[in-house]
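First the structure, in the form of structure tokens, and then the observations on it.
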Amino acid sequence: MSPEELVDWAIEKGLKGFTITDHEVVGGSKRAIEYAKGKGIEVVSGIEIGADDEELGVYDIHIVGLFLDLENEGLLDLSESLMKAREVQKRGMIVKLNDLGYEIGFEELEREVSGVNYGRPHIAKILMRKYDEFDSVRDVFDKLLGYSGSANVVQWKESMAKTIEIVHGAGGVAILAHPMLKEDYEKIIDRFVELGGDGIEVDYCYLNRKAGEDVGSDLVERVRKIAKEKGLLVSGGGDFHRSSDVQEIGDYGVSEGEFEVLRSFRKG
């Protein structure tokens, strides 16, 4: 959905505020903020950034930045660097796919994306259309594009420490997103707090992303307890990536009180 469609959907659902946190880019957030003016809803500036911590041995940790200055030079420089790294990674994955016998070109990916934010799901959709062996995007990831897949290429990311520093430098609040998707979530949370992270995503649709019995409300309550114990701000999000995601906008978020705490944090 376009940023404008998301604003209209949020208004239709009666939300007082929401944010678009696209991966590594701020264009969607800017468009939503502009479109929402005078429509009775607050759109918070935001971004989601993948980061690594080599010292800890953890990779692709997602950090959400909220209430940001979207014109901040450090933030825009990081966004540009990550977009270049994303293209390098995807070109490398396509080379590996070609070596494995899958015919796909970078030009096909460009047409699929209609922009610069090349994602592995875009490659997966192309492969699904061309090859009957794949039943779903998840199936393509399991066989080829996942972190242990035969066509995976590791993308360069900035460190967790530097990413948090950049979010703060842009006047924002740094939130650790969907921590329970990682098996070593405890050490990741501790590291995030040690590095000056501000809050944690509590309300989240784990059922969409994590297989197994221990999903949903149990994980959410566990994260809520951790947030309270460590004095972290509370955030939430639907992680809405595709039409197959079952949640409605506003299903996973924060209360008005939690929202006001988030808003006032950096100002304080």
Compute the Rg to Rh ratio over the range 1-129 from the alpha carbon atoms, using the Kirkwood formula for Rh, and round to two decimal places. 1.04
What one gets for the range 98-186 as the Kirkwood radius, inverse of mean 1/r over different Cα pairs in Å, is 15.7
Distance histogram in 5 Å bins (all Cα pairs of the chain, percent per bin): 1, 6, 12, 16, 18, 18, 15, 9, 4, 1, 0, 0
Check cross-link reach from Lys230 to the aspartates and glutamates: straight Cα distance under 19 Å, and skip same-chain residues fewer than eight apart. Asp184, Glu186, Asp190, Glu194, Asp198, Glu201, Asp203, Asp218, Glu221, Glu258
Which values, in whole Å and largest first, are the semi-axes of the equivalent ellipsoid of the range 83-145 obtained as the square root of 5 times each eigenvalue of the Cα gyration tensor? 18, 12, 11
Distance between modelled label sites at Leu76 and Glu108, nm, 7 Å Cα→Cβ extension: 3.6
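Taking the Cα centre of the range 83-145 as the origin, how large is its charge dipole in debye, to the nearest 20, when only Lys and Arg (+1) and Asp and Glu (-1) carry charge on their Cβ atoms?
Dipole size: approximately 320 debye.
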What percent does the relative contact order of the chain come to when contacts are Cα pairs within less than 8 Å and at least six residues apart? 16
Filtered hits (lysines, Cα-Cα < 19 Å from Lys30, offset >= 8 within chain) -> Lys16, Lys39
Per the helix-only calculation at 222 nm, which mean residue ellipticity applies to the chain, given -39500 (n - 2.57) for every DSSP H run of n ≥ 4 and division by its residues, nearest 500 deg cm²/dmol? -13500 deg cm²/dmol
Working from Cα positions, state the angle (0 to 90°, nearest 10) between the long axis of helix 185-194 and the longest principal axis of the chain. 50
About the Cα centre, and with charges only on the beta carbon of Lys, Arg (+1) and Asp, Glu (-1), how big is the dipole of the chain? Nearest 20 debye, please. 220
State the extension gain, in nm to one decimal, for the chain segment bounded by Arg263 and Ile11, taking 0.36 nm per residue of separation less the distance between their alpha-carbons. 88.7 nm
Largest-first principal axis extents of the Cα set of the range 1-69 (Å): 47, 21, 20
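None of the figures in this text is laboratory data; all of them are computed from the coordinates on show. What you see is a predicted model, and the numbers here were worked out from it, not measured in a lab. Here Cβ is always computed from backbone atoms with ideal geometry, including for glycine, and neighbour counts include all displayed protein chains.
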